[in-house]
Structure formats: structure tokens, C-alpha cells
Protein chains: 2
Amino acid sequence: MNKYGLHGKFNTQKGKADELAEILIEASQIVSKAKGCKLYSISKDPSEPDAVWVTEIWDSKEDHDASLSLPEVRSLISRAIPLIDGTPSRGQTLEVIGGFGINEN
Amino acid sequence: MNKYGLHGKFNTQKGKADELAEILIEASQIVSKAKGCKLYSISKDPSEPDAVWVTEIWDSKEDHDASLSLPEVRSLISRAIPLIDGTPSRGQTLEVIGGFGINEN
């Protein structure tokens, strides 16, 4: 196995993390149908109330990058931007080499 | 959804990351049968050759903690310890609130 992983944080405007998380959960439903998406998990770190974490696994970086051009994803991005504080960092890029529970579809 | 997430790094002795990764992939096969394990993904960060990342999702912290007592897991831990440089940090604890591709079994 050799897949493309991302683990990144979005800092939000104060009190906007739940709203951003809802948008990201909508995004997960859209990318579930995108080519190469294996995992798109949305989390909160209890120590950081104004932030949302997204952990993704894709077959390839190309599949991930292509998903950002989907009209439904672009629409969600435009809804998310006003909630975000600062520029979202690229996040940590990982090379996923194996494991259990990584979607095979 | 409300699940228990962990994202953590093991620093290894120089040149030992591949060996540790193999042990962690064995561990993923064992915990795939453990109660409450949804994801156990092993990754490399290309910028850190002497480290291995593990990203886990469990139904609960209790399920995760219980898995550490399984005899097969304890045996793998004892094989892994000599490869690790320093004390493994607890890693980042996350509250997984939703997403796609999180095992439902």
C-alpha cells in the first residue's frame, strides 16, 4: 500500500468551529463519491476550541487535488472561508504505507 | 458520531523506521480484531526519515486502552521498544465527530 495522507488544522474565527465542522462533514459526503478518497475524518482537539482537524487518505495526491475543483467542493470552500481565521496551513503530508480500516472501495 | 482519535509519532533509532513500520503493520492486523478499532493507519512523513506515524480511530478510549493489554500487542510492543528513540509521546488526542470512510463494522 502507498497512499497519500493529509492531517491538517483549520483555525476558525472565535466560536465558529462547530459551523465549520458541519461544512466539512458535508464535504466528506461529497468526496465520498470522488475518485480515490479513502478517508475524510473530521475531529476536534479538546484543547483547541476554535479549530477543526481534518485527516484524509487518498489513493494519490492527484486525486486529492482534483477533488478541490469539484463544483460542490468549491461551493463549500466559499462557505467555509469566512469562518476561517488566517490562511489554512497545508497541513502534514504523509505517505500511508499500511494498516487496518482503510477503505478498499 | 463521537469516536476517539489518536495521531502520534514514534521517533526511531537511526535507520530503524522501516523495521518499526513492519511491526506496526503487524499490530494493525491484530487490532483489526480488537473491540472498537475503526482505523489503524501507519505512515511515513518524507521529511523525517527516522520516524513513523500512527493514526488511530476507536469507538472509545477504553477500547484503545484495553487493546494495549492483549498478549499479541504486548509481544509486539516488546519488539518495538528497542527500535524507538526516547519515550514515545502520547500523541495528539482527537474527538472524531464525523466523516467518510470510517469503518462501520
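Between B:Leu68 and B:Glu48, what length in nm is gained on full extension when 0.36 nm per residue of separation is reduced by their alpha carbon distance?
Numbers: separation 20, 0.36 × 20 = 7.20 nm, distance 2.63 nm.
In short, 4.6 nm is gained.
Take peptide A:1-10, look around each residue's Cβ out to 10 angstrom, count Cβ atoms belonging to other protein chains, and average those counts. Mind dumping the intermediate values first?
Numbers: counts 3, 1, 2, 1, 6, 0, 7, 0, 1, 0.
Taking all residues of A:1-10 together, the mean is 2.
List B:Ser67, B:Ser75, B:Ser32, A:Ser43 from most exposed to least, where exposure is judged by having the fewest other Cβ atoms within 10 Å.
Values: B:Ser67 21, B:Ser75 13, B:Ser32 16, A:Ser43 27.
Result, fewest neighbours first: B:Ser75, B:Ser32, B:Ser67, A:Ser43.
State to the nearest 20 debye the size of the charge dipole of chain B about its Cα centre, where the only charges are +1 on K and R beta carbons and -1 on D and E beta carbons. Don't skip to the answer; put the middle values down first.
On the way: 12 positive and 16 negative charges, 24 e Å.
Computed charge dipole of chain B: roughly 120 debye.
Report the charge-dipole magnitude of the protein assembly as shown in Debye, nearest 20, computed about the Cα centre from +1 at each Lys and Arg Cβ and -1 at each Asp and Glu Cβ. Mind showing how you got there, number by number?
Details: 24 positive and 32 negative charges, 8 e Å.
The calculated dipole for the protein assembly as shown is roughly 40 debye.
Where does each of A:Val73, A:Val31 land when they are ranked from fewest to most other beta-carbon atoms within 10 angstrom? Present the calculation step by step, with values, prior to reporting the outcome.
Details: A:Val73 17, A:Val31 26.
Ordered from fewest to most neighbouring Cβ atoms within 10 Å, A:Val73, A:Val31 come out as A:Val73, A:Val31.
Counting pairs of alpha carbon atoms under 8 Å apart in space and at least six apart in sequence, what relative contact order in percent does the stretch A:3-96 give? Intermediate results must be reported in sequence, preceding the final value.
On the way: 159 pairs, mean separation 44.1, N = 94.
Answer for the stretch A:3-96 is 47 percent.
Could you work out how far helix A:17-31 tilts from the main Cα principal axis of chain A, as a 0 to 90 degree angle to the nearest 10?
Roughly 30 degrees, rounded to the nearest 10.
Against the longest principal axis of chain B, how steep is helix B:71-80, in degrees 0 to 90 to the nearest 10, with axes from Cα atoms?
With both axes taken from Cα atoms, the answer is about 30 degrees.
Of B:Ser47, B:Pro71, B:Ile57, which is farthest along the charge dipole of the stretch B:3-96 in the positive direction, counting Lys and Arg as +1 and Asp and Glu as -1 at C-beta?
B:Pro71
What FRET efficiency do you get for B:Ser60 and B:Gln29 if R0 is 22 Å and r is their Cβ-Cβ distance, rounded to the nearest 0.05? Don't skip to the end; give the middle numbers.
Working: r = 21 Å, r/R0 = 0.97.
Given R0 = 22 Å and the Cβ-Cβ separation, E is 0.55.
Do the alpha carbons of any pairs in A:Lys9/A:Lys38; A:Lys14/A:Lys61; A:Lys61/B:Lys16; A:Lys44/B:Lys9; B:Lys33/B:Lys61 sit beyond 24 Å of each other, and which pairs?
Numbers: A:Lys9/A:Lys38 19 Å; A:Lys14/A:Lys61 32 Å; A:Lys61/B:Lys16 27 Å; A:Lys44/B:Lys9 19 Å; B:Lys33/B:Lys61 16 Å.
With Cα atoms farther than 24 Å apart: A:Lys14/A:Lys61; A:Lys61/B:Lys16.
Tell me, what is the FRET efficiency for B:Asn2 and B:Thr87 to the nearest 0.05, using R0 = 45 angstrom and their Cβ-Cβ distance as r?
Numbers: r = 29 Å, r/R0 = 0.65.
Efficiency computed from Cβ-Cβ geometry: 0.95.
What's the average, rounded to a whole number, of partner chain beta-carbon atoms within 10 Å of each residue's beta-carbon in B:42-54?
Working: counts 9, 13, 6, 6, 3, 2, 0, 0, 0, 0, 1, 7, 1.
The per-residue average across the peptide is 4.
For B:Thr12, which sequence-distant residues (separation of 5 or more, or a different chain) have an amide H within less than 5 Å of its own amide H, given hydrogens modelled in the peptide plane?
It is B:Ala51, B:Val52, B:Asp85, by chain and number.
Taken together, the values in this text are just the output of simple stated rules run on the coordinates, not laboratory data. All values reported here derive from a predicted model rather than from experimental measurement. Glycine also receives a Cβ, built like all others from the backbone with ideal geometry; neighbour counts cover every protein chain displayed.
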